[in-house]
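Trainee: This is the structure I have questions about; it appears just below.
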Amino acid sequence: MLKRKNSIKAYAKAKECIPGGVNSPVRAFLSVDQTPPFIAKGKGAYITDIDGNKYIDFVQSWGPLIFGHADKDIEKAVVKAVKNGLSFGAPTEVETKLAKTICSIFPSVQKIRFVSSGTEAVMSAIRLSRGYTKRDDIVKFKGCYHGHSDSLLVQAGSGAATFGTPSSPGVPEELVKHTLLADYNDIKSVEECFKASDNIACVLIEPIAGNMGLVPADIEFLEELRALCDRHGAILIFDEVMSGFRASLKGAQGFTEVTPDIVTFGKVIGGGMPVGAFGGKKEIMSCLSPEGDVYQAGTLSGNPVAMSAGLESIGKIVKNRKLYNKLSSLAKALMRGFKKSAVKEGIPLQVCTRGSMFGFFFNEKEIKNFDDALKSDTKRFAAFHRGMLERGFYFACSQFETGFVCDAMNEKMIQKTIAAANEVMKEIK
Ligand SMILES: *Cc1c(COP(=O)(O)O)cnc(C)c1O
């Protein structure tokens, strides 16, 4: 049995002064109906909570930690940077180094600007698209997440309307009426958007969706999207905040020839520090202030400590040619194991991997879009999650999230995890 005493106490204390006790809602563990373990420390594949329970961590800070917790090299780079000062609000060379590194890996990125979160990256990419095209409407897909900026907190309106309605109080109706909603992997629904509006600045997509569970876009669908955007003079934005340096070295762009106009990054490029970025064609990026007149700024943008963590992290990735093969085979082995134990117990389970990303749905059918994902058995997921946590395996606390393996994991840990899953599947059948 897990010890819970300290986390329960800490959670109650946190709730007195932080809404819901957390600084990002998913951390509250509400959809699995449990007290969230408060974390004391992490090392490699493992995290330890304040009650002393140790878990193999398949969340890895929701993606950033591709080398696991407290990686020695990244730690060294950060400490070195810290000693020279935390922030200047003036240019430093490490920003150019990280920019050059990313541009050299992604042919679609000729210039790049750094911000402090994925939310900020996507928000800025949208403004840039609108400024460049001089159009106001944007297209987003149901089930894709692009951070919490106003224009993107939108859900399907009533009836067949492609125009969205706010998904959160506090977001003006007038604003989200500029956001059109389409169905993932369904080109017809995007064509409908272009029929409904001749004012579309950009189509925004997670080319490998990781925020409705793991649902990759079909390659053909991405090609059709590219063609549709070209036909209408709209900008194609790949949101690779999660998939960048996770699905492969080139993120989703390692799986398709399709070239987006703008790419957004976050998570891995900060190596665990708060970093986001957006980049793309020179012609578009040059519209940004001070080169152009689309305004965008940040006091801590390109922060030298955060940039050093990112540079070391990406540097290690580039040096380690076998990294993605290793991560991908660990993720595949894990999902094969889950599938096998589910089949044995007669539990319907869909599994999927892309590089170091993995996902599993308690669902009869293959998942192609958000509506499919929503048909999953979330009660069974919650029971599975609880069973695994009890045994020392920390998974994302929602059916609609992606899991991650890291370089600090090995085959033996995966086998241990599968053995635990065998037991849990028996309990929840
Ligand atoms: C995590 C994520 C974001 C938001 O990034 P934050 O750093 O949490 O603001 C945006 N887009 C995608 C695809 C993400 O996975």
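Trainee: What does the extension gain come out to for GLU291 and ARG336, with contour length at 0.36 nm per residue minus their alpha carbon separation?
Mentor: Extending this stretch completely gives an extra 11.2 nm.
Trainee: If you don't mind, another one. Of the heavy-atom accessible surface of the chain (probe 1.4 angstrom), what whole percent is carbon and sulfur? Please list the in-between numbers first.
Mentor: Numbers: 10110 of 19060 Å².
In the chain, the share of accessible area belonging to carbon and sulfur is 53 percent.
Trainee: Let me ask something else. Taking the full set of protein chains and a 1.4 angstrom probe, give the accessible area of SER104 in square angstrom, rounded to the nearest 10.
Mentor: It works out to around 90 Å².
Trainee: Within the chain, what's the longest run with no GluC sites (Glu not before Pro) in a DSSP loop and at most 13 other beta-carbon atoms within 10 Å? Give the range, please. If you can, show how the numbers build up before the last one.
Mentor: On the way: sites that count: GLU257, GLU291, GLU364, GLU366.
In short, 1-256.
Trainee: Now, a different point. What trypsin sites (Lys or Arg not before Pro) in segment 108-177 are in a loop by DSSP, with at most 12 other Cβ atoms within 10 Å of the Cβ? Provide the component values of the computation, followed by the final result.
Mentor: Numbers: sites: LYS111, ARG113, ARG127, ARG130, LYS134, ARG135, LYS140, LYS142, LYS177; in loops: LYS134, ARG135, LYS142, LYS177.
Passing both the DSSP loop test and the Cβ count: LYS134.
Trainee: Between segment 305-364 and segment 170-186, how far is it from one alpha carbon centroid to the other, in angstrom?
Mentor: Comparing the Cα centres of segment 305-364 and segment 170-186, I get a distance of 31 Å.
Trainee: Now a separate question. How large is log10 of I(q)/I(0) for segment 38-95 at q = 0.13, 0.19, 0.25 Å⁻¹ when the intensity is taken from the Debye formula with one equal scatterer per alpha-carbon?
Mentor: So the normalised log intensities work out to -0.47, -0.78, -0.98.
Trainee: Rolling a 1.4 angstrom probe over the protein heavy atoms, how many square angstrom per residue are accessible across the chain?
Mentor: Details: 19060 Å² over 429 residues.
Solvent-accessible surface per residue comes out at 44 Å².
Trainee: Oh, and also: How big is the Rg/Rh ratio for segment 72-319, C-alpha atoms only, Rh by Kirkwood, two decimals? Let's see the in-between values first.
Mentor: On the way: Rg = 17.8 Å, Rh = 18.3 Å.
Rounded to two decimals, Rg/Rh equals 0.97.
Trainee: At a 1.4 Å probe radius, which order do THR417, THR101 fall into by accessible area, largest first?
Mentor: Numbers: THR417 0, THR101 35 Å².
Listed by decreasing accessible area, they come as THR101, THR417.
Trainee: So if I place +1 on the C-beta of Lys and Arg and -1 on the C-beta of Asp and Glu, and nothing else carries charge, what would the dipole magnitude of segment 223-352 be about its Cα centre? I want it in debye, nearest 20. Can you show the working numbers first?
Mentor: On the way: 17 positive and 12 negative charges, 224 e Å.
The calculated dipole for segment 223-352 is roughly 1080 debye.
Trainee: Using the Kirkwood radius built from alpha carbon pairs, what does the Stokes-Einstein equation give as D for segment 1-156 at 37 °C and 0.692 mPa s, in µm² per second? Intermediate values should be presented prior to the final figure.
Mentor: Working: Rh = 19.6 Å.
Rounded, D is 168 µm²/s.
Trainee: Mind scanning LYS111/LYS368; LYS142/LYS281; LYS3/LYS54 and naming the pairs with a C-alpha gap bigger than 21 Å? Walk me through the numbers on the way to the answer.
Mentor: Values: LYS111/LYS368 33 Å; LYS142/LYS281 27 Å; LYS3/LYS54 11 Å.
From the list (LYS111/LYS368; LYS142/LYS281; LYS3/LYS54), the Cα-Cα distance tops 21 Å for LYS111/LYS368; LYS142/LYS281.
Trainee: Loop only per DSSP, at most 12 neighbouring Cβ atoms within 10 Å: give me the chymotrypsin sites (Phe, Trp or Tyr not before Pro) in segment 23-128, ordered by residue number.
Mentor: Values: sites: PHE29, PHE38, TYR46, TYR55, PHE58, TRP62, PHE67, PHE88, PHE114; in loops: PHE29, PHE38, PHE58, PHE67, PHE88.
Those satisfying the criteria are PHE88.
Trainee: By Kyte-Doolittle mean hydropathy of at least 0.5 and Cα axial length of at least 15 Å, which whole DSSP H helices of the chain are selected? Please report the intermediate quantities before stating the final value.
Mentor: Values: long enough: 5-17 (20 Å, -0.95); 72-83 (17 Å, -0.16); 93-105 (19 Å, 0.33); 118-133 (22 Å, 0.02); 219-232 (20 Å, -0.23); 304-319 (22 Å, 0.71); 323-345 (34 Å, -0.24); 378-390 (18 Å, -0.45); 411-428 (25 Å, -0.17).
Helices meeting the span and hydropathy rule in the chain are 304-319.
Trainee: Once the Cα gyration tensor of the chain is found, what semi-axes does its equivalent ellipsoid get, as square roots of 5 times the eigenvalues, in whole Å, sorted largest first?
Mentor: Details: eigenvalues 219, 147, 88 Å².
Semi-axes (√(5λ), whole Å): 33, 27, 21.
Trainee: Now for a different question. Beyond 19 Å between alpha-carbons counts as too far, so tell me which of LYS5/LYS41; LYS339/LYS416; LYS267/LYS322 fall in that bin.
Mentor: Too far apart for the 19 Å limit: LYS267/LYS322.
Trainee: While we're looking at this one, here's another question. Taking the Cα centre of each part, how many Å lie between segment 72-107 and segment 385-429?
Mentor: 34
Trainee: Students often forget the sequence filter, so: which aspartates and glutamates lie under 15 Å Cα-Cα from LYS72 once same-chain residues fewer than 8 apart are removed?
Mentor: GLU312, ASP407
The values are calculated or read from the model by the stated rules, or taken from the named source; none is laboratory data. Keep in mind that this is a model prediction, so the values were computed, not measured. Positions of Cβ are backbone-derived with ideal geometry, glycine not excepted, and every protein chain shown enters the neighbour counts. The accessibility values were calculated without ligands, DNA or RNA, using every heavy atom of the protein model including side chains. Shrake-Rupley method; radii C 1.70, N 1.55, O 1.52, S 1.80 Å.
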